[in-house]
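A.B. asks: Have a look at the structure that comes next, please.
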């Protein structure tokens, strides 16, 4: 009997130890992931802690897995507080890999102990060398997932593959493809000849333009005749410098002003009174909250820009219920329920006065 009791204890010990060992093995398990630029990287099979390389990646990844972020690349705007839970906008600030404010802080990055660092966006010419070098320097896996306006569905599927979230990523992918397909149908119905002649102006003086053919102009170029044709379109969010004389020569039917530009004062500025779009009241401020809907960073929130701009320019064709569509986006990508009062604040300067009064 004593011998049987000892054997029973031994068996129980094995049963307790094996699951623990299996769990430890699962935690340490890695898989090979091939990123969008062909780099094969060993990453944890189950990723729970993510760092991102820049603001564009921050917007994309937040939509799919906000609870996995261990830091942010750029501070959320003050406007984010009304939309996001506190724990998200108070995450450690890590900086960013390319451009912008604040270089990627490798010491802070290592301190937050991510399992992977994700770069999302337009691949830079040196992306392979850059990520390989950072991976060797830090010992952390770095991956790049390409994101363009017309391929955001595939971006989310690739991200879902990495994070083992296929069903969740498919919801976001399907949304992006739905909105992009509808945008194409609107553009087709309007026709090239029916497109609005438009400028997107920004900066303290409103004299910088988002030039046709630039990465930041994808929404504008798709939905309008972007008059800002320059020899070397800037890839920076600050756009290309211009002047009032050139704006007069371009003679836009509609002007979109970036947030924090001169929208509030341009109507009373004597120097702008020769621009018909201003005197006709055909100028609007791009909605902002928690990000600029037209980009900056040029991330997935540009789908809000597709919806808003299509409805603004071609209401008879687009026929969006703008509040419902914007609320759907905020639910899916910001994980918040947008109230009608919040929506009214977002579009206060962004839709025709008669429509805003309804």
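A.B. asks: Tell me which residues, restricted to region 302-322, are in a loop (DSSP other than H, G, I, E, B) and either buried (at least 23 other Cβ atoms within 10 Å of the Cβ) or free of Cβ contacts under 8 Å to residues at least 24 places away in the same chain (or both). Can you show your working first?
C.D. replies: Let us first name the residues in region 302-322 that are in a loop (DSSP other than H, G, I, E, B), namely 314, 319-321.
Within region 302-322, 319, 320, 321 qualify.
A.B. asks: In the list 331, 299, which residue meets the criterion of being assigned to a loop (DSSP other than H, G, I, E, B) and over 20 Å from residue 352 (Cβ atoms)? Give the steps one after another, and end with the answer.
C.D. replies: On the way: 331 fails: assigned to a loop (DSSP other than H, G, I, E, B).
It is 299.
A.B. asks: While we're on this one: So which residues in region 241-251 are touching a residue at least 12 places away in the same chain (Cβ under 8 Å), surrounded by fewer than 16 Cβ atoms within 10 Å (Cβ to Cβ) and closer than 23 Å to residue 193 by Cα? Spell out how you get there, then give the answer.
C.D. replies: Just the residues of region 241-251 that are touching a residue at least 12 places away in the same chain (Cβ under 8 Å), to begin with: 241-244, 247-248, 250-251.
Among the residues that remain, those that are also surrounded by fewer than 16 Cβ atoms within 10 Å (Cβ to Cβ) are: 241, 243-244, 248, 251.
248, 251 - these are the residues of region 241-251 that are touching a residue at least 12 places away in the same chain (Cβ under 8 Å), surrounded by fewer than 16 Cβ atoms within 10 Å (Cβ to Cβ) and closer than 23 Å to residue 193 by Cα.
A.B. asks: Given the options 14, 37, 70, name the one that is at pLDDT below 85, more than 30 Å from residue 344 (Cα to Cα) and not assigned by TED's automatic domain parsing to the domain that holds residue 259. Lay out the reasoning, then the answer.
C.D. replies: Working: 37 fails: at pLDDT below 85; 70 fails: at pLDDT below 85.
Matching residue, one of 14, 37, 70: 14.
A.B. asks: Here is a further query. For a quick check of your reading of the model, give me the residue pairs whose first member lies in region 265-285 and is farther than 13 Å from residue 253 by Cα, whose second is part of a loop (DSSP other than H, G, I, E, B), with beta-carbon atoms closer than 7 Å and at least 6 apart or on different chains.
C.D. replies: Within 7 Å, the pairs are 266/206; 285/259; 285/349; 285/350.
A.B. asks: So, residue 333, is that one touching a residue at least 40 places away in the same chain (Cβ under 8 Å), more than 18 Å from residue 261 (Cα to Cα) and surrounded by 21 or more Cβ atoms within 10 Å (Cβ to Cβ) or not? Spell out the reasoning first.
C.D. replies: Values: touching a residue at least 40 places away in the same chain (Cβ under 8 Å): yes; more than 18 Å from residue 261 (Cα to Cα): yes; surrounded by 21 or more Cβ atoms within 10 Å (Cβ to Cβ): yes.
Criteria met by residue 333.
A.B. asks: What about residue 297, is it surrounded by 21 or more Cβ atoms within 10 Å (Cβ to Cβ), under 26 Å from residue 97 (Cβ atoms) and in contact (Cβ under 8 Å) with a residue 24 or more places away in the chain? Spell out how you get there, then give the answer.
C.D. replies: Working: surrounded by 21 or more Cβ atoms within 10 Å (Cβ to Cβ): yes; under 26 Å from residue 97 (Cβ atoms): yes; in contact (Cβ under 8 Å) with a residue 24 or more places away in the chain: yes.
So residue 297 passes the test.
A.B. asks: How many residues are in contact with a strand residue (DSSP E or B) (Cβ under 8 Å, 6 or more places away or on another chain) and either outside any loop (DSSP other than H, G, I, E, B) or crowded, with 16+ Cβ neighbours inside 10 Å (or both) when one looks only at region 215-240? Give the steps one after another, and end with the answer.
C.D. replies: Within region 215-240, the subset in contact with a strand residue (DSSP E or B) (Cβ under 8 Å, 6 or more places away or on another chain) is 217, 220, 224-228, 230, 232-234, 238-240.
Imposing the further condition that a residue be either outside any loop (DSSP other than H, G, I, E, B) or crowded, with 16+ Cβ neighbours inside 10 Å (or both) reduces the set to 217, 220, 224-228, 230, 233-234, 239-240.
Looking only at that region, the number is 12.
One line per residue, one yes/no per condition, for (1) closer than 29 Å to residue 122 by Cβ; (2) in contact with a strand residue (DSSP E or B) (Cβ under 7 Å, 6 or more places away or on another chain):
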site: 287; (1), (2): yes, no
site: 293; (1), (2): yes, no
site: 305; (1), (2): yes, no
site: 312; (1), (2): yes, yes
site: 317; (1), (2): no, no
site: 320; (1), (2): yes, no
site: 326; (1), (2): yes, no
site: 334; (1), (2): yes, no
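A.B. asks: Something else about it: Which residues, taken from region 158-173, are crowded, with 18+ Cβ neighbours inside 10 Å and in contact with a helix residue (DSSP H, G or I) (Cβ under 8 Å, 6 or more places away or on another chain)?
C.D. replies: Taking region 158-173 as the starting set, the residues that turn out to be crowded, with 18+ Cβ neighbours inside 10 Å are 158-160, 162-163, 165, 169, 172-173.
Within region 158-173, 159, 160, 163, 165, 169, 172, 173 qualify.
A.B. asks: Looking at region 278-288, is at least one residue more than 27 Å from residue 245 (Cβ to Cβ), under 16 Å from the mean Cα position of the chain (by Cα), at pLDDT 95 or above and assigned to a loop (DSSP other than H, G, I, E, B)?
C.D. replies: Within region 278-288 (the criterion being more than 27 Å from residue 245 (Cβ to Cβ), under 16 Å from the mean Cα position of the chain (by Cα), at pLDDT 95 or above and assigned to a loop (DSSP other than H, G, I, E, B)), the answer is yes, since at least one residue qualifies.
A.B. asks: For residue 181, state whether it is free of Cβ contacts under 8 Å to residues at least 12 places away in the same chain, part of a helix (DSSP H, G or I) and not assigned by TED's automatic domain parsing to the domain that holds residue 306.
C.D. replies: Working: free of Cβ contacts under 8 Å to residues at least 12 places away in the same chain: yes; part of a helix (DSSP H, G or I): yes; not assigned by TED's automatic domain parsing to the domain that holds residue 306: yes.
Yes, satisfied.
A.B. asks: Sticking with this structure for a sec: Pull up region 252-277, narrow it to residues that are assigned to a loop (DSSP other than H, G, I, E, B) and out of contact with any helix residue (DSSP H, G or I) (no Cβ under 7 Å at 6 or more places or on another chain), then point me to the one that is surrounded by the fewest Cβ atoms within 10 Å (Cβ to Cβ). Outline the logic, then answer.
C.D. replies: The initial filter retains those residues of region 252-277 that are assigned to a loop (DSSP other than H, G, I, E, B), namely 252-253, 258-262, 267-269, 273-275.
From what is left, the residues that are out of contact with any helix residue (DSSP H, G or I) (no Cβ under 7 Å at 6 or more places or on another chain) are 258-262, 268-269.
Working: 258: 24, 259: 20, 260: 13, 261: 21, 262: 20, 268: 8, 269: 12.
Per the stated criteria, the residue is 268.
A.B. asks: Within region 184-214, count every residue that is part of a loop (DSSP other than H, G, I, E, B) and more than 29 Å from residue 261 (Cα to Cα).
C.D. replies: First, pick out the residues of region 184-214 that are part of a loop (DSSP other than H, G, I, E, B): 191, 195-196, 203-207, 210-214.
Going one step further and asking which of them are more than 29 Å from residue 261 (Cα to Cα), we end up with 191.
Going through region 184-214 one residue at a time, the tally reaches 1.
A.B. asks: Restricting to region 335-358, name every residue that is part of a loop (DSSP other than H, G, I, E, B) and either modelled with pLDDT under 95 or more than 18 Å from residue 315 (Cα to Cα) (or both).
C.D. replies: Restricting attention to region 335-358, the residues satisfying the condition of being part of a loop (DSSP other than H, G, I, E, B) are 335-339, 347-352, 358.
335, 336, 337, 338, 339, 351, 352, 358, listed by residue number.
The values are calculated or read from the model by the stated rules, or taken from the named source; none is laboratory data. Please read all numbers here as calculations on a predicted model, not as lab measurements. So basically every Cβ, Gly included, is an ideal-geometry build from the backbone, and we count neighbours across all protein chains shown.
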